[in-house]
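Step one of this worksheet: look at the structure below.
Read-outs throughout are calculated quantities, based only on the coordinates presented, and are distinct from any laboratory measurement. Keep in mind that what you see is a predicted model, and the values were worked out from it rather than measured. In this analysis, Cβ positions are derived from the backbone assuming ideal geometry, glycine residues included, and neighbour counts consider all displayed protein chains.
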Amino acid sequence: EAVISRMKCVKELTQSKLRFVAVSATIPNAEDIGQWLTSENCNAVCFNLDEKFRPVPLQKVVLSYGNCSPATAFKFDLNLNFKLDAVIQKYSSNKPTIVFCSTRKSTMQAASQLKQRKHFILTEESRNELRNRVGNIVDVKLRELLMFGVGYHHAGLTQQDRHLVERLFLGGLLPVLCATSTLSMGVNLPAHLVIVKSTMHYSGGVFKEYSAADVLQMIGRAGRPQFDTSAVAVILTQDRTQHIYSQLISGRQLIESSFHLHLTDHLNSEIVLKTLTRISTAKKWIC
C-alpha cells in the first residue's frame, strides 16, 4: 500500500505514464482494489476470472485435528505424521504427492513414518532404476527412504542430493516427496496432490501461522497441466483455524486496508524521501 501510494503520487506530480497491473488468485473484493488503483484520468479495469480458467481444476480440502498450545505445537506437528497415510490414500489416486512440512526435521520424520506404511506402488523396473541412481546419494537416511518410494528435500541436503531427488520426482520414480515450504518458492515441481502438513511454522523462536501468501504458494503446486485433468490440495490444521483456511481457499476472505495503522511512519518516510514537499500533495497522498 505504501509503495503504490507513493507511485500514484509521483505519477500525478510528474504526469508520467504509469500503469498498474494487480493479480491475485483469491481476493473476493477485487473491485475495491481496482477502485483504489483508479486515478483521476484513468479508471481501473477489473477482470474476475473464476476456477474454470484454471488449466487443471483444483479440489481444495481443509482438515482439522484438534487444537494445540504454543507449548504443544511440536507434538501436534508430530501427530500429523500419522494422518498423512490416510490422506494420501484417499486423495492421491496413486499419483505424485508433495507434503510440505514446517522444518527440515519434520520432513525427515514425515518421510520415515510414511515409509512404514509401504503403500506406494513401485514396479520392479522402478526399483531397479532407483537402486542404480541412489548410489551417489550422500545422505544415508535419504538413500534408504528412496528405495521405499519416499524422499525428503530441504536446504540441509547437498546440492547433488537435492537435484537428484528433484529429478527422481519429476521422472515419476518417487511417488511421495516431503519438503520444506521453501521448495514452493523455487524449483518447479508440480504434483497431483499437495498436502500442507500443519499451518504453523517455527520462526523467530516460536511457532506461528503461515502467511496467506505462503499457503497459497504451496497449494498452487498442485496440478500438472501436461499429465492431469484434476488436482487436489489438502491443508491440515487446528479446529480453531479451520474456518480461516476454508475462507482463504474459497476466496471469501476480504482484503482490508491496514495503511492507517502505520500512517505516521509512512508519512515521515515520504517526507524524508522528498516525495511529499507540500501540505496539498500530502493530502492527495493520503486520499
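For VAL196, the criteria (1) surrounded by 18 or more Cβ atoms within 10 Å (Cβ to Cβ); (2) in a helix (DSSP H, G or I); (3) hydrophobic (A, V, I, L, M, F, W, C) hold in every case but one, which is (2). When residues in the stretch 39-92 are screened for being under 30 Å from VAL21 (Cβ atoms), surrounded by 12 or more Cβ atoms within 10 Å (Cβ to Cβ) and either of a type in the set (A, V, I, L, M) or under 21 Å from the mean Cα position of the chain (by Cα) (or both), 8 of them pass.
Answer with yes or no whether PHE100 is in a loop (DSSP other than H, G, I, E, B) and either more than 21 Å from ASN81 (Cα to Cα) or touching a helix residue (DSSP H, G or I) at 6+ places or on another chain (Cβ under 9 Å) (or both). Judged against the criteria, PHE100 is not a match.
Would you check if LEU248 is under 27 Å from ASP32 (Cα atoms) and over 20 Å from the mean Cα position of the chain (by Cα)? So LEU248 fails the test. Which of the residues belonging to the stretch 11-38 are more than 33 Å from the chain's Cα centre (by Cα), of a type outside the set (D, E, K, R) and surrounded by 13 or more Cβ atoms within 10 Å (Cβ to Cβ)? Result: LEU13, single match.
Here GLN242 meets each of (1) within 25 Å of ASN29 (Cα to Cα); (2) touching a Cys at 6+ places or on another chain (Cβ under 7 Å); (3) not hydrophobic (A, V, I, L, M, F, W, C) with one exception, condition (2). Taking the conditions exactly as written (buried (at least 16 other Cβ atoms within 10 Å of the Cβ), among the polar types (S, T, N, Q) and either closer than 23 Å to ALA86 by Cβ or in contact with a strand residue (DSSP E or B) (Cβ under 8 Å, 6 or more places away or on another chain) (or both)), does SER250 satisfy them or not? Judged against the criteria, SER250 is not a match.
For the stretch 182-190, the condition holds for no residue, the condition being that it is touching a Pro at 6+ places or on another chain (Cβ under 7 Å) and surrounded by fewer than 14 Cβ atoms within 10 Å (Cβ to Cβ).
Restricting the stretch 123-165 to residues that are assigned to a loop (DSSP other than H, G, I, E, B) and free of Cβ contacts under 8 Å to residues at least 24 places away in the same chain leaves a set whose member that is nearest to PHE100 (Cα to Cα) is LEU157.
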